[in-house]
Every structure is written in structure tokens, then in C-alpha cells.
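A.B. asks: The structure's right below; bear with me while I get my questions together.
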Ligand SMILES: Nc1ncnc2c1ncn2[C@@H]1O[C@H](COP(=O)(O)OP(=O)(O)OP(=O)(O)O)[C@@H](O)[C@H]1O
Ligand SMILES: [Mg+2]
């Protein structure tokens, strides 16, 4: 006969109420672990999917994700000349926040190196990859755009030709794929007024210097296209992605590139590590702290309710001692109640999580190993929580039965 | 002559110390045989409960010896055996109230006494059912204590006290919460149990109308015990 279960049945209301509360707390603990996994997943998603062997970025930076990296657009051609390199692609990545149909639209823009890269590697759920050099985009469903929809960005409208699911940047915002030149056009869209003002400024400077007066051709240059005005020059790219030729040694190619003083080279694994150790680390520590606090709160709640249930049973415990029940029977009664509460709370957390986690604004990834380790933690805190009640129960004197 | 169910000699119990000192038992000596049902009378505060709880091994005396079923168990406050194990094997208890565990059914309340004494669950259940039938409450076996009348609750408590075939059953005012007719039925039950199950039974009571069920009557006054002849009418209270 199990005394713990019978007592719980007798106090069902209180027990169920508390257990649901514990379940919600554990669900949040579980969810926070899942959010951490999700952060890593999202942060490394692009690096994992884009299929580059080496990342060439600005010298002594840890870009292009962890910090800003700027490289001249023609670096691509230099890289291509290195033996062992099969393909080199320009990579442009930046986040824009614009307005679309009256609502803010945050896009993590990825520039694809048209025409070498049309987005063949992007897993589409519908639509197609890019077919022309301009005015097409592939959008993640999290951006809320529909196939065929036209989005005004800068001076042009871009048509959504393909859709992805779950392709988001490390901030959780959806990715949008454009050709590199479109991506740059959107980000660095220069209004005519800026061009005119810069031209006027150049002319003024030249007029004030001897060389400007002696070399009228310079004045012509100052009146040229915006592309040729250094302050408005075509922006640079974030990185160059290298695909190795079959049989080429990554170490050799890397050694060659590393000898250039203006770039730094990372492998895909190193890019992943940069993201996880740098950008996600603070979030991990923050979430870890919350998890620990919530576990402590859960322990305190279980301990208090088990202690109260024990206080309510003092006379029954005294009676059990009077009729000769051993300490392990009485301690076991309380420990079992605590474990049942922990286990039921865990079950509720797991069950609720299945419905709640997909509705969280950030991706929640629940791994089996996390479920197992949380189960052990709950076992531990339930045991710990029973200590107070057991301590009380073991101190009950059998003659308490007689107290009025 | 067979071993007495309980023997108490020169028992003394003092509560507190200094200003608050109360001598609850001055010098009590008694002996009760198995199969004997003994009533214990006395005015309030005379020390009846103190004597009973001392024999129940839950309230150690200041001095004096207690032997149960031939085994010396207490010498003053000194424990000569494991008291809890000894209670489990040799003693049964019935009290005025708080007798039953509220979250267990009548049957389970009896069963638990057997299970704490290592009787396997199934056997304990069968034996508990037998005892409830023996005490005429078998029909209420699956009810929780709240659903039972006071008299039924006391019968279940008696069944539990009998569960491990104790040599001694102790009852402190078991009928105080019952009307006189039901009180009498419970008292008769104790006599029946003592005689049929060969247990010594001590019942503390204030009810003078049921004294005829006892084989002997002990009167406690001012912490002392004296035997009262059965024929003599009540002296006081
Ligand atoms: N725990 C205690 N601490 C101090 N004094 C106590 C304690 N228990 C009982 N006493 C005192 O010991 C004396 C005997 O008490 P006891 O309970 O044995 O009397 P009783 O005969 O059972 O009385 P009643 O008929 O009212 O139940 C009383 O004076 C009582 O106040
Ligand atoms: Mg009393």
C-alpha cells in the first residue's frame, strides 16, 4: 500500500494546483535551454548552409558576422587566382529595417554573387531561385511576404520569387537573398541631392587650390558620375567565400591567402566558433542564470508545499510512529510525494512545451539529451526539496497523537 | 501461572523541574495478566494518561521498571529494547480521537498496522478484512474515516490495535466521544477481545455505567494506584 499516493489523493486540489505551477516553471526552464540551442542553430545556420570552405575577411577582423568586415570588390578576382581555389564568391550581409505596407520590415540581406551564385544551395519551400541580375529576391516566410509580392526597398521594387522556412540571422530576423549589386543598392542607396552636394564641395575645394586652377581636367572629374566620386564610391563587400577545387588542400590555400597582409582567413568551423563563443555567449550565460534561478524557485516551492503537507500530517505521522512504523516508511512517504510532484511537473512541462514552444517568437530547439539532463536535475531538486519535510517528520514524537 | 501482559513497579513520573515541577505519578505498581480486561478510573489530572502512555512506551518515566510480556523494556528513562519495534510487535492502541489516518480507508487503516510489521500487502489486506468483519464493520471497509460514525471509527481502531496480535492493548477514554449505548458496545468489545484473543487490556474510562464489563478495576488517585473491589459502589466523582 502506498501512503504517499493516498495522501496526495486526499489533498488532490492543493497538490494539482502546485504541480501545475511547478510544471509551468519547468516549462520555462526547458524553453530557455531550447532557446539557447535555437540561438546557436540560427547563428550558425547561414555559415552551415552557404557551403563555403574558407572565408576571406578584412585583415585582423573577425567578420563578417561578429564584427564589420570591408573588402574591396575586386578581391574576389585576386582570390580566384590562388591555386586550389575552384570558386570565389562575394558575400554581402547587412540588416535593414524598412517599412512595408505600414509595418516595419527587418530583413537580414544576403548578397548572392550573381551569376555564379543564384541561390542553388538555398532550401526553398516554394518558388524558384534568382533568375535575373536585378529586382528579384528570395524571402524567408518569417518576413511575412508572399510569393509574387513586390517590396519597395530604396528606389526600386523587388519581387519575391522564392520562399524559405527557418532561414534567419543571429538576431532572429528573416533572411532575404538578393544579388550582391541589388543588396548594395538597397543599403547604400545614395539620393541625388547627396551626389550634387558632394560634387559642389569638390568643385569648391578645387577652386581654392592651385592645382585645381592649373589643371581644369580635375574639375571635369569632379563633375563625373557618383561611382567615381571617392566619398560615394561603390561600397565594398563583407567577405569572399572560397570553394576549394577537388583534391586541393585547405591548409595550402589558406597558407597562401594568409600571406596577404590585407585579409584574414577562417575555415567554416572557425566561423562557427566565432559566432558561438562571441555573439551567443552572453545570451547563453543570461539564459543559464535564469534557468538556475527558476530551478531554485521550483525547489523552494516544492519544499514549502511538501513541508506544509507534512505539517498537516503531523498527527498521522505520530500515529504511524506509535504503531511502530520505521523511519524509512515515514521518510519514504515524504520523499515519494516530492518526487511525484517533481515528475508530474516535468511531465506537464514537457506536454505544455510541445504546444507552447512552436509559438515562441524565437526558435526553440529541444534536444533529447537536454530532456534527459533536465529530468535528472528535477530528480535532484525534488529530493532536495523533501529534506525539510523529512527533517520535520522524523522529529515528530509519537505522543503528539494525544495532544488535543 | 503464565507471564503477565504487563508489570509495572514503583513507577514515578515528574513533569518539568523547579517551579513548574508536577509529580504526575508518585509510586505506581501494577500487574495485568493476558486475557484480562482492566478498567482504570480516577479524577481528572490524577495521572491515568501518564501511566498509560508510560506503558505505551511513548512517555518515558522518571524512575521505575516496566516489563511487557516478560521482557524488561524500560528502567526509568533507560530503553532496554528498541521501543518502536517493541510497540509494533507487542502493543495495540485505541484513543479517544485522532485514532485513524484520514487519508486511508477503514481497511487500509488496519492494513497499514500489519504492513509496518512486514506482513506482505495481500496477506495484510485479507487479515485486515477478517478483523473488520470480526468487529462488525466489514461493510464499511472501503470508506474513509470521515464517512464513519464515531462508534464505527472506534471499532476500526480496535481492529487496528488487534492487527499484530498484541499481548497488551491500551485504550485511553475510547468511548468519551460516543453515546452511552455505543460506548457500551465498544467496552464489551474490549472484554470480548481480551477473552477471545488472550490479550491484556487496560481501558481508562470515566464512564461508571460500564464498569461491569471489567475483570478488575484500578483506581488512580494523586499519582497512586489502588485496587477497587468489584462489588463496592463508586467512591467519588
Ligand atoms: N506534558 C506535560 N507536562 C507537564 N505536566 C503534565 C504533562 N502531561 C500531564 N501533566 C500533568 O500531570 C498530571 C497528570 O496528568 P494526566 O494527563 O496523566 O491526567 P489524567 O488522569 O489522564 O487526567 P484526565 O482524566 O483529565 O485525562 C496533571 O496534573 C497534568 O497537568
Ligand atoms: Mg487523560
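The values are calculated or read from the model by the stated rules, or taken from the named source; none is laboratory data. Note that the structure is predicted; figures quoted are calculated from it, not measured. When we count neighbours, we look across all protein chains shown, and the Cβ atoms used for this are built from the backbone with ideal geometry, even at glycine.
A.B. asks: Quick check, is residue B:6 away from ligand 2 (no atom under 16 Å from the Cβ), at pLDDT 90 or above, surrounded by 13 or more Cβ atoms within 10 Å (Cβ to Cβ) and closer than 17 Å to residue B:220 by Cβ? If you could, list the steps in order and put the result at the bottom.
C.D. replies: Working: away from ligand 2 (no atom under 16 Å from the Cβ): yes; at pLDDT 90 or above: yes; surrounded by 13 or more Cβ atoms within 10 Å (Cβ to Cβ): yes; closer than 17 Å to residue B:220 by Cβ: yes.
The answer is yes for residue B:6.
A.B. asks: Could you check the stretch B:146-182 and list, in sequence order, the residues that are within 16 Å of ligand 1 (Cβ to nearest atom) and on the phi < 0 side of the Ramachandran plot?
C.D. replies: So the first thing to find is which residues in the stretch B:146-182 are within 16 Å of ligand 1 (Cβ to nearest atom), and the list is B:170-177.
Within the stretch B:146-182, B:170, B:171, B:172, B:174, B:175, B:176, B:177 qualify.
A.B. asks: Please identify the pairs in which a residue from the stretch B:28-55 that is within 14 Å of chain A (Cβ to nearest Cβ) and under 22 Å from residue B:158 (Cβ atoms) has its Cβ atom under 7 Å from the Cβ atom of a residue that is near ligand 1 (Cβ under 9 Å from one of its atoms) and assigned to a loop (DSSP other than H, G, I, E, B), counting only partners at least 6 apart or on another chain.
C.D. replies: B:48/B:42; B:53/B:59
A.B. asks: Continuing with this model, one more query. Mind checking which residues of the stretch A:134-161 are farther than 18 Å from residue A:65 by Cβ and surrounded by 21 or more Cβ atoms within 10 Å (Cβ to Cβ)?
C.D. replies: Listed by number, the residues that qualify are A:136, A:137, A:138, A:139, A:143, A:145, A:153, A:158, A:161.
A.B. asks: Taking the stretch B:87-116 only, how many residues are farther than 21 Å from residue A:7 by Cβ and more than 7 Å from chain A (Cβ to nearest Cβ)?
C.D. replies: 6
A.B. asks: Could you list, in sequence order, the residues of the stretch A:256-275 that are buried (at least 16 other Cβ atoms within 10 Å of the Cβ) and within 17 Å of the chain's Cα centre (by Cα)?
C.D. replies: A:271, A:272, A:274, A:275
Residue by residue, here is whether (1) surrounded by fewer than 17 Cβ atoms within 10 Å (Cβ to Cβ); (2) more than 14 Å from every other protein chain (Cβ to nearest Cβ); (3) in a helix (DSSP H, G or I) holds:
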| site | (1), (2), (3) |
| --- | --- |
| A:317 | no, no, yes |
| A:320 | no, no, yes |
| A:328 | yes, no, yes |
| A:335 | no, yes, yes |
| A:341 | no, yes, yes |
| A:348 | no, yes, yes |
| A:353 | no, yes, yes |
| A:361 | yes, yes, no |
| A:386 | no, yes, yes |
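A.B. asks: Across the stretch B:28-65, what is the number of residues that are over 15 Å from the mean Cα position of the chain (by Cα), more than 9 Å from ligand 1 (Cβ to nearest atom) and more than 14 Å from residue B:218 (Cα to Cα)?
C.D. replies: 6
A.B. asks: For the stretch B:75-86, how many residues meet the condition of being more than 9 Å from every other protein chain (Cβ to nearest Cβ) and touching a helix residue (DSSP H, G or I) at 6+ places or on another chain (Cβ under 8 Å)?
C.D. replies: Total meeting the criteria: 0.
A.B. asks: Right, next: Taking the options B:68, B:25, B:58, name whichever one is closer than 26 Å to residue B:225 by Cα, touching a helix residue (DSSP H, G or I) at 6+ places or on another chain (Cβ under 7 Å) and away from every other protein chain (no Cβ under 14 Å). First the steps, then the outcome.
C.D. replies: Values: B:68 fails: away from every other protein chain (no Cβ under 14 Å); B:58 fails: away from every other protein chain (no Cβ under 14 Å).
Residue meeting the stated conditions: B:25.
A.B. asks: Return the total of residues in the stretch A:365-384 being in a helix (DSSP H, G or I) and either surrounded by 13 or more Cβ atoms within 10 Å (Cβ to Cβ) or within 14 Å of another protein chain (Cβ to nearest Cβ) (or both).
C.D. replies: The qualifying residues number 12.
A.B. asks: Could you list, ordered by first residue, the pairs with Cβ atoms under 6 Å in which the first is in the stretch B:177-205 and within 14 Å of chain A (Cβ to nearest Cβ) and the second is away from ligand 2 (no atom under 16 Å from the Cβ) and assigned to a helix (DSSP H, G or I), at least 6 apart or interchain?
C.D. replies: If the second residue must be away from ligand 2 (no atom under 16 Å from the Cβ) and assigned to a helix (DSSP H, G or I), the pairs left are B:177/B:150.
A.B. asks: Residues that are under 12 Å from residue A:182 (Cβ atoms): which strands (runs of 3 or more DSSP E) entirely in the stretch A:72-164 hold 1 or more of them? Before the answer, list the steps.
C.D. replies: Values: elements: A:85-100, A:103-112, A:124-127, A:136-140, A:150-153, A:156-164.
Once the strands (runs of 3 or more DSSP E) in the stretch A:72-164 are filtered for at least 1 residues that are under 12 Å from residue A:182 (Cβ atoms), what remains is A:85-100, A:103-112, A:136-140, A:150-153, A:156-164.
Each row is one residue, and each column tells you yes or no for (1) surrounded by fewer than 19 Cβ atoms within 10 Å (Cβ to Cβ); (2) more than 16 Å from ligand 2 (Cβ to nearest atom).
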{"site": "B:12", "(1), (2)": "yes, yes"}
{"site": "B:19", "(1), (2)": "yes, yes"}
{"site": "B:24", "(1), (2)": "no, no"}
{"site": "B:30", "(1), (2)": "no, yes"}
{"site": "B:37", "(1), (2)": "no, yes"}
{"site": "B:47", "(1), (2)": "no, no"}
{"site": "B:51", "(1), (2)": "no, no"}
{"site": "B:60", "(1), (2)": "yes, yes"}
{"site": "B:71", "(1), (2)": "yes, yes"}
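A.B. asks: Further question: Select from the stretch A:1-37 the residues that are without any contact (Cβ under 8 Å) to a residue 12 or more places away in the chain, farther than 17 Å from residue A:320 by Cβ and within 14 Å of chain B (Cβ to nearest Cβ) and list them in ascending order.
C.D. replies: As a first pass, look at the stretch A:1-37 and keep what is without any contact (Cβ under 8 Å) to a residue 12 or more places away in the chain: A:1, A:6, A:9-10, A:12-13, A:16-17.
Filter again for farther than 17 Å from residue A:320 by Cβ, leaving A:9, A:12-13, A:16-17.
Hits for the stretch A:1-37 are A:9, A:12, A:13.
A.B. asks: Are any of the residues in the stretch A:25-45 modelled with pLDDT under 85, in a loop (DSSP other than H, G, I, E, B) and under 24 Å from residue A:288 (Cβ atoms)?
C.D. replies: Scanning the stretch A:25-45 turns up no residue that is modelled with pLDDT under 85, in a loop (DSSP other than H, G, I, E, B) and under 24 Å from residue A:288 (Cβ atoms).
A.B. asks: Right, next: Do the conditions hold for residue B:170, that is, is it within 14 Å of chain A (Cβ to nearest Cβ), under 15 Å from the mean Cα position of the chain (by Cα) and in contact (Cβ under 8 Å) with a residue 12 or more places away in the chain? Explain how you work it out, then say what you get.
C.D. replies: Numbers: within 14 Å of chain A (Cβ to nearest Cβ): yes; under 15 Å from the mean Cα position of the chain (by Cα): yes; in contact (Cβ under 8 Å) with a residue 12 or more places away in the chain: yes.
For residue B:170, the condition - within 14 Å of chain A (Cβ to nearest Cβ), under 15 Å from the mean Cα position of the chain (by Cα) and in contact (Cβ under 8 Å) with a residue 12 or more places away in the chain - is met.
A.B. asks: Is at least one residue of the stretch B:184-205 more than 30 Å from residue B:115 (Cβ to Cβ), modelled with pLDDT of 85 or more and within 16 Å of ligand 2 (Cβ to nearest atom)? Give the derivation first.
C.D. replies: Within the stretch B:184-205, the subset more than 30 Å from residue B:115 (Cβ to Cβ) is B:184, B:205.
Still in the running and modelled with pLDDT of 85 or more: B:184, B:205.
Imposing the further condition that a residue be within 16 Å of ligand 2 (Cβ to nearest atom) reduces the set to B:205.
Yes, the stretch B:184-205 contains at least one residue that is more than 30 Å from residue B:115 (Cβ to Cβ), modelled with pLDDT of 85 or more and within 16 Å of ligand 2 (Cβ to nearest atom).
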